Amino acid sequence: MNKKIKPTKKTHTHANGDEYVGEFKDEKYHGQGTYTFANGAKYVGEWKDGKRHGIGTFTFAYGEKYVGKFKDGYFHGLGTYTDANGEKYVGEFKDGKKMKNLKIN
């Protein structure tokens with residue numbers, strides 16, 4: 001019988017003050033989780049094999065925010081980036097960089 005192992009939920013605090021609360025699989029962040037950086041930045045969303053992967057929200061320490069898809073830890077796919085002044089950019093991202101976008105004020 002092949003039984004699927006469900007991710008376990010727990011908290012991992014790093015020596016620098018960063019903290020992850022969420023699901024783990026094979027001792028890696030995997031599934032839903034929240035990573036809070038000591039500087040105030042935060043990621044809430046999906047993880048795969050220890051990397052941000054899937055749908056999530058990354059809020060930077062100085063007010064910028066990205067909401068959208070991630071792949072292997074980078075912004076990747078459709079997303080919305082809002083800068084500290086409130087200007088929004090909606091479009092495609094690849095490996096953390098904007099590809100095509102639409103600026104919305």
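If I filter the range 49-76 down to residues being small (G, A, S) and under 20 Å from G33 (Cα atoms), which single residue comes out as surrounded by the most Cβ atoms within 10 Å (Cβ to Cβ)?
My answer is G56.
Among the residues of the range 36-46, is any of a type outside the set (A, V, I, L, M), over 19 Å from H14 (Cβ atoms) and out of contact with any strand residue (DSSP E or B) (no Cβ under 7 Å at 6 or more places or on another chain)?
No, the range 36-46 contains no residue that is of a type outside the set (A, V, I, L, M), over 19 Å from H14 (Cβ atoms) and out of contact with any strand residue (DSSP E or B) (no Cβ under 7 Å at 6 or more places or on another chain).
Go through the range 49-86 and give me each residue that's touching a strand residue (DSSP E or B) at 6+ places or on another chain (Cβ under 7 Å) and not in a strand (DSSP E or B).
Scanning the range 49-86 gives D49, G50, E64, D72, G73.
Examine the range 19-26 for a residue that is out of contact with any strand residue (DSSP E or B) (no Cβ under 6 Å at 6 or more places or on another chain) and part of a strand (DSSP E or B), and state whether such a residue exists.
yes
Would you mind telling me which numbered condition in (1) at pLDDT 95 or above; (2) surrounded by fewer than 16 Cβ atoms within 10 Å (Cβ to Cβ); (3) assigned to a strand (DSSP E or B) E46 fails?
It is condition (2) that E46 fails.
In the range 17-42, which residues are surrounded by 18 or more Cβ atoms within 10 Å (Cβ to Cβ) and of a type in the set (A, V, I, L, M, F, W, C)?
Within the range 17-42, F24 is the sole residue that qualifies.
The values are calculated or read from the model by the stated rules, or taken from the named source; none is laboratory data. Nothing here was measured: the structure is a model prediction, and the numbers come from that model. Every residue, glycine among them, receives a Cβ derived from its backbone with ideal geometry; neighbour counts consider all protein chains shown.
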